[in-house]
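The values are calculated or read from the model by the stated rules, or taken from the named source; none is laboratory data. Quantities reported herein were computed from a predicted structural model and do not represent experimental measurements. Don't worry about glycine lacking a Cβ; one is built from the backbone with ideal geometry, like all the others, and counts go over all protein chains shown. To get the accessible areas, we keep the full protein, side chains included, count just its heavy atoms, and leave off ligands, DNA and RNA. Shrake-Rupley method; radii C 1.70, N 1.55, O 1.52, S 1.80 Å.
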Amino acid sequence: MGRMSTDLCGIRIDNPIIPASGTFGYGYEFAEWYDINLLGTFSFKGTTRQERFGNPTPRIAECASGMLNAVGLQNPGVDKVISEELPKLKQVFHKPVMANISGFSVDDYVYVSKLLDEQESVGWLEINISCPNVHGGGMSFGTTCEGAYEVIRAVKNECRKPVIAKLSPNVTDIVSIAEACEEAGADGISLINTLLGMRINLRTGKPLLANTTGGLSGPAVFPIAVRMVYQVSKAVHIPVIGMGGVSSAEDVIEMMMAGAAAVEVGAANLADPMACKKIIETLPSVMDRYGIENLSDIIGKA
Amino acid sequence: MKQKECTVSAVKALTENIYEMKLSDIGEACIVPGSFVNLTIPGLFLRRPISVCDVNGDELTIIFRVVGHGTEKLSAMEPGEKLPVLLELGNGYDLSKAGERPLLIGGGVGIPPLYYLAKKLHELGKEVTAVLGFNTASELFYTEEFQRYGKVIVTTVDGSAGVRGFVSDALPEGCSFFYACGPLPMEKALYKKLNIDGQFSLEERMGCGFGACMGCSFMTKLGSKRICREGPVFDREVLPWDE
């Protein structure tokens with residue numbers, strides 16, 4: 001086992017670096033930039049029962065140290081993901097992949113989860129109960145303990161693979177929602193999804209995003225993510241995946257010290273397609289600088 | 001697609017707010033007309049996608065209008081400064097469809113990608129005609145440069161130079177195929193008016209510029225396409241502009 005390897009809900013991964021859902025497509029775009037097998041794994045594009053085009057454009061806006069997106073879960077639907085995307089991915093990625101799942105009802109979540117649970121290439125099911133860019137689904141399940149419990153419980157009842165609940169930071173008390181997910185049987189928690197934000201075009205005086213609001217990500221949100229990972233990992237007894245603004249090896253170490261067993265990298269992939277490769281390549285020297293022998297030793301050190 | 005650290009070799013104002021920038025050290029890149037580059041401007045999180053105006057050996061030319069703080073910072077860069085660039089993005093125009101008398105139609109900062117296209121079509125021995133639209137005479141740029149590669153028709157909305165009106169008011173007859181780039185209302189007007197086949201280049205706010213984020217999706221008659229990846233150039237027959 002290498003000094004960067006870590007355990008994620010019973011599956012060993014070579015390193016804790018995981019590109020986050022929605023920033024890495026179904027992987028093969030990035031395989032044109034580098035060998036994506038050097039990743040721990042990655043979380044593929046949020047997948048729903050039906051095909052979705054998503055929100056009208058503009059879907060992207062910038063801000064200081066980050067960006068807003070309001071893509072709205074565009075994806076080809078679970079059937080096409082299984083028949084087209086996963087076979088294409090198999091040609092360039094040879095490790096278990098994390099399936100990211102969204103829905104508009106408990107039944108949707110269970111339907112999609114069951115189908116992806118059966119796929120050999122899928123290692124984990126990351127249940128997105130936190131998308132801020134769709135109406136009547138996504139985040140509405142992740143903002144109450146009851147909603148989160150209900151979805152995670154229903155998925156757990158029907159699936160064998162580790163279930164990771166992806167949480168929204170747009171709540172009053174993220175710890176209680178994490179605890180509800182643990183009680184429902186979640187094998188892990190990932191956080192944070194994006195923070196709800198908005199920008200206005202000064203020329204038109206109207207919202208810049210066609211969807212009015214969008215999810216804020218990038219370095220701007222990193223301290224919030226570190227704080228929430230710290231709070232949640234102190235409260236639950238299952239692994240926590242930390243994400244939110246991570247863009248360097250130093251950020252990875254900080255997130256793990258806060259309590260993360262693994263780290264997802266999101267917006268950084270869009271600004272620099274080589275971001276995760278660079279993080280993985282520089283991690284050993286940064287670990288040396290801080291006297292870290294094995295990354296798993298520092299989880300929750302703070 | 002390639003990543004490269006280029007060097008700013010020249011920056012020049014062409015009009016009050018339109019700048020020409022030359023970037024050297026692009027290396028062995030295969031850049032086609034109609035493709036774009038994505039620039040990391042110091043201090044900004046997202047890259048800025050800008051169409052390629054010309055390529056000469058190891059040097060690339062871009063032309064952009066200052067519209068916000070990103071392009072403002074870009075315009076203030078000095079020769080010698082480094083600029084990380086993603087190259088070879090987008091599909092580009094299909095030169096094989098040109099026929100013998102291709103028609104190039106550009107409006108404002110939609111004109112630059114047509115310049116490299118005109119050059120390449122001229123190299124292929126095509127009889128190029130370019131219709132270049134501007135608001136007013138003081139905003140003209142590159143009209144003389146285009147004359148190296150073909151016939152040029154200039155239009156201005158206020159009539160202060162060339163034909164008064166829009167590009168759609170000055171379209172010549174007898175062309176074999178068209179290539180267009182400009183503001184959406186211009187492109188839609190051309191879609192209605194032109195009765196020959198052609199291609200349009202589209203734009204959208206982008207996250208990544210290389211197909212990962214789905215930020216620039218566009219619904220065509222053939223389903224959803226990414227402007228950064230399957231585009232920015234689309235055949236007229238796939239555009240949903242019939243209404």
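Testing A:Ile238 on (1) more than 14 Å from chain B (Cβ to nearest Cβ); (2) open to solvent by less than 10 Å² (accessible area, probe 1.4 Å), one condition comes back false. Which one is that?
Here A:Ile238 clears every test but (2).
Is there any pair linking a residue in segment A:59-74 that is facing chain B (nearest Cβ under 8 Å) and over 14 Å from A:Ile200 (Cα atoms) to one that is among the basic types (Lys, Arg) and surrounded by fewer than 24 Cβ atoms within 10 Å (Cβ to Cβ), with Cβ under 6 Å and at least six apart or on different chains, and which?
A:Gln74/A:Arg52
Could you identify the single residue in B:Gly57, B:Gly68, B:Gly125 that is modelled with pLDDT of 95 or more and small (Gly, Ala, Ser)? Walk me through how you get there before you give the answer.
Working: B:Gly57 fails: modelled with pLDDT of 95 or more; B:Gly68 fails: modelled with pLDDT of 95 or more.
Just a single option satisfies the conditions, and that option is B:Gly125.
Are there strands (runs of 3 or more DSSP E) fully within segment B:1-45 with at least 1 residues that are of a type in the set (D, E, K, R)? List them.
Working: elements: B:2-13, B:18-24, B:36-39.
By residue number, B:2-13, B:18-24.
Among the numbered conditions (1) within 14 Å of chain A (Cβ to nearest Cβ); (2) in contact (Cβ under 8 Å) with a residue 24 or more places away in the chain; (3) over 24 Å from B:Leu121 (Cα atoms), tell me where B:Ser217 comes up short.
The number of the failed condition is (2).
The rows are residues; the columns are (1) free of Cβ contacts under 8 Å to residues at least 24 places away in the same chain; (2) in contact with a helix residue (DSSP H, G or I) (Cβ under 9 Å, 6 or more places away or on another chain); (3) among the aliphatic types (A, V, I, L, M); (4) in the same structural domain as B:Leu114 (by TED's automatic domain parsing).
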| position | (1), (2), (3), (4) |
| --- | --- |
| B:Asp169 | yes, no, no, yes |
| B:Ala189 | yes, yes, yes, yes |
| B:Glu203 | no, yes, no, yes |
| B:Ile227 | no, no, yes, yes |
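Any idea how many residues of segment B:1-16 are more than 14 Å from B:Cys53 (Cβ to Cβ) and in contact with a helix residue (DSSP H, G or I) (Cβ under 8 Å, 6 or more places away or on another chain)?
Qualifying residue count, segment B:1-16: 3.
So if I check each of B:Gly68, B:Gly110, B:Gly80, B:Gly99, which one is of a type outside the set (A, V, I, L, M), within 29 Å of B:Ala137 (Cα to Cα) and surrounded by fewer than 19 Cβ atoms within 10 Å (Cβ to Cβ)? Break it down stepwise before answering.
Values: B:Gly110 fails: surrounded by fewer than 19 Cβ atoms within 10 Å (Cβ to Cβ); B:Gly80 fails: within 29 Å of B:Ala137 (Cα to Cα); B:Gly99 fails: within 29 Å of B:Ala137 (Cα to Cα).
Step by step, each of B:Gly68, B:Gly110, B:Gly80, B:Gly99 is checked, and only B:Gly68 is of a type outside the set (A, V, I, L, M), within 29 Å of B:Ala137 (Cα to Cα) and surrounded by fewer than 19 Cβ atoms within 10 Å (Cβ to Cβ).
Of the residues that sit in segment B:18-40 and are within 14 Å of chain A (Cβ to nearest Cβ) and not hydrophobic (A, V, I, L, M, F, W, C), which one is least open to solvent (accessible area, probe 1.4 Å)?
B:Asn38
For segment B:41-77, give me each residue that is within 14 Å of another protein chain (Cβ to nearest Cβ) and small (Gly, Ala, Ser).
Of everything in segment B:41-77, those that are within 14 Å of another protein chain (Cβ to nearest Cβ) and small (Gly, Ala, Ser) turn out to be B:Gly43, B:Gly68, B:Gly70.
Yes or no, residue by residue, for (1) away from chain B (no Cβ under 14 Å); (2) closer than 14 Å to A:Thr6 by Cα:
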| residue | (1), (2) |
| --- | --- |
| A:Ala225 | yes, no |
| A:Ser233 | yes, no |
| A:Val252 | yes, yes |
| A:Met256 | yes, yes |
| A:Ala261 | yes, yes |
| A:Lys277 | no, no |
| A:Glu281 | yes, no |
| A:Tyr290 | yes, no |
| A:Ser296 | yes, yes |
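Could you please find all residues in segment A:8-25 being in contact (Cβ under 8 Å) with a residue 24 or more places away in the chain, part of a loop (DSSP other than H, G, I, E, B) and buried (at least 23 other Cβ atoms within 10 Å of the Cβ)? Spell out how you get there, then give the answer.
Going residue by residue through segment A:8-25, those that are in contact (Cβ under 8 Å) with a residue 24 or more places away in the chain are A:8-11, A:13-24.
Okay, now just the ones that are also part of a loop (DSSP other than H, G, I, E, B), so A:9-10, A:14-16, A:20-24.
Selection gives A:Asn15, A:Pro16, A:Ala20, A:Ser21, A:Gly22, A:Thr23, A:Phe24.
Evaluate the following for A:Asn15: is it over 25 Å from A:Val221 (Cα atoms), among the polar types (S, T, N, Q) and touching a helix residue (DSSP H, G or I) at 6+ places or on another chain (Cβ under 8 Å)? Step through it out loud before you land on a result.
Details: over 25 Å from A:Val221 (Cα atoms): no; among the polar types (S, T, N, Q): yes; touching a helix residue (DSSP H, G or I) at 6+ places or on another chain (Cβ under 8 Å): yes.
For A:Asn15, the condition - over 25 Å from A:Val221 (Cα atoms), among the polar types (S, T, N, Q) and touching a helix residue (DSSP H, G or I) at 6+ places or on another chain (Cβ under 8 Å) - is not met.
For the subset of segment B:21-68 comprising residues that are of a type in the set (Gly, Ala, Ser) and free of Cβ contacts under 8 Å to residues at least 24 places away in the same chain, which member is nearest to B:Ala118 (Cα to Cα)? Don't jump to the end; show me each part of the working.
Pass one, segment B:21-68, residues of a type in the set (Gly, Ala, Ser): B:24, B:27, B:29, B:34-35, B:43, B:51, B:57, B:68.
Subset that is free of Cβ contacts under 8 Å to residues at least 24 places away in the same chain: B:57, B:68.
Numbers: B:Gly57: 17, B:Gly68: 29 Å.
That would be B:Gly57.
Is it fair to say B:Met186 is of a type in the set (A, V, I, L, M), in a loop (DSSP other than H, G, I, E, B), under 20 Å from the mean Cα position of the chain (by Cα) and surrounded by 15 or more Cβ atoms within 10 Å (Cβ to Cβ)?
On the way: of a type in the set (A, V, I, L, M): yes; in a loop (DSSP other than H, G, I, E, B): no; under 20 Å from the mean Cα position of the chain (by Cα): yes; surrounded by 15 or more Cβ atoms within 10 Å (Cβ to Cβ): yes.
Considered against the rule, which asks whether it is of a type in the set (A, V, I, L, M), in a loop (DSSP other than H, G, I, E, B), under 20 Å from the mean Cα position of the chain (by Cα) and surrounded by 15 or more Cβ atoms within 10 Å (Cβ to Cβ), B:Met186 comes out as no.
If we keep just the residues of segment A:143-187 that are in contact (Cβ under 8 Å) with a residue 40 or more places away in the chain and among the small types (Gly, Ala, Ser), which is surrounded by the fewest Cβ atoms within 10 Å (Cβ to Cβ)?
Looking at the filtered set, the residue picked out is A:Ala154.
What do you reckon, is B:Val52 assigned to a loop (DSSP other than H, G, I, E, B) and under 26 Å from B:Thr143 (Cα atoms)? Reasoning before the result, please.
Values: assigned to a loop (DSSP other than H, G, I, E, B): no; under 26 Å from B:Thr143 (Cα atoms): yes.
No.
Taking the stated definitions as given, is A:Thr48 open to solvent by 30 Å² or more (accessible area, probe 1.4 Å) and farther than 18 Å from A:Glu264 by Cα? First the steps, then the outcome.
Details: open to solvent by 30 Å² or more (accessible area, probe 1.4 Å): no; farther than 18 Å from A:Glu264 by Cα: yes.
Answer is no for this residue.
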